[in-house]
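A short write-up of the structure that comes next.
None of the figures in this text is laboratory data; all of them are computed from the coordinates on show. Just so we're clear, the structure is a prediction, and the values are computed from it rather than from any experiment. Cβ atoms come from the backbone with ideal geometry, glycine included; neighbour counts cover every protein chain shown.
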C-alpha cells in the first residue's frame, strides 16, 4: 500500500501543489551511478523492517492488549546496515556502500515528521488541518530540515506515503469543520466493506496528514 500510494497518489498531489519539478530534480541526483529515485524505490519495501524486531504487546487501562512498534524506524535502518544484509544487497543488487547507506537513512527517517503529531496534541490547536499552517508547525518543519538537510525531501515524501497507505478511504475535507461534516461518508464506507469501525480514526486524520505533508513540502521547496 505504501508503494502504491507513492507511485500513484503522491505524483498527483505533487502536481497539484506545484512541486513536481523540484522533487524530480532532487530525486534525479546520483549516488554512485544510481539516482535517488531508484534507491528510494528500494527503500520503500524495507522501511518497516524494524516492526519485526521491535513489536511488543502493551496492556491498556481497560485490559485490552495492543501492539506497539516504538522506535521501529531506527531498527529498520540498523537492519539494513547489518553485515549480512549489506553483503546480500551488494551481491544480488550490485549496490555500493554509499547507496546502501542512503537506503538505510531513508528507512530510519521515514517517520521523522510523525513526531509532529505528538507535539501538536500538546497545543491548543491540536493535530488539525489548522495546525499545518501554524507558526509552530513551520518552525518544527524547518528544524527537521536543518537536522537532516540531505534527507529533508525524503522525510516528507515517506511521511505522506506512509499515511496514505493506512487506508484507501478518502473524505473530501479541506478544513477541520469539513472533516466532521464528511466523517459520516467514511463510516458508511467502512460499514459497507465490513471493516474495523476503528478505521474511522485514520480516515478522519487523513486530511490533516495530507495538509501537514503539503505545507512541509512547500517549505522544503522554498528552502532549496
At a 10 angstrom cut-off on C-beta neighbours, averaged per residue, how do the peptides 43-49, 95-101 rank from highest to lowest?
43-49, 95-101
Where the centroid of each part is defined by its Cα atoms, how far is the range 6-65 from the range 101-117 in Å?
8 Å
Volume per residue that the Cα convex hull of the range 63-108 spans, once the total is divided by residue count, Å³
79 Å³
Taking a cut-off of 24 Å, what percent of all Cα-Cα pairs in the range 2-223 are separated by more than that?
49 percent
Scaled by the rule-of-thumb 2.2 N^0.38 Å, the alpha carbon Rg for the range 1-44 gives a ratio of 1.20
Using the number of other C-beta atoms within 10 angstrom as an exposure proxy, rank 220, 17 with the fewest first.
17, 220
Burial ordering of 30, 76, 66, fewest other beta-carbon atoms within 10 Å first
66, 30, 76
Tell me, what is the percent relative contact order of the range 2-223, built from C-alpha pairs under 8 Å that lie six or more residues apart?
20 percent
Return the calculated 222 nm mean residue ellipticity for the chain, to the nearest 500 deg cm²/dmol, obtained by summing -39500 (n - 2.57) across DSSP H runs with n ≥ 4 and dividing by the residue count.
-18500 deg cm²/dmol
Over the range 123-224, calculate the relative contact order: mean separation of alpha carbon pairs under 8 Å at least 6 apart, over the residue count, as a percent.
38 percent
Per residue convex hull volume, Cα only, the range 1-133, in Å³ is 143 Å³
Calculate how steeply helix 135-147 sits against the longest principal axis of the alpha-carbon atoms of the chain, using the helix alpha-carbon long axis, and give the answer as 0 to 90 degrees to the nearest 10.
10 degrees
By counting other Cβ atoms within 10 Å of each Cβ, how are 27, 195 ranked from fewest to most?
195, 27
Most fluctuating residue given options 122, 36, 142, as computed from a GNM of the chain linking Cα atoms under 10 Å
122
Whether the range 121-199 is rounded, prolate or oblate, judged on the alpha carbon gyration tensor where a/c under 1.5 counts as rounded:
oblate
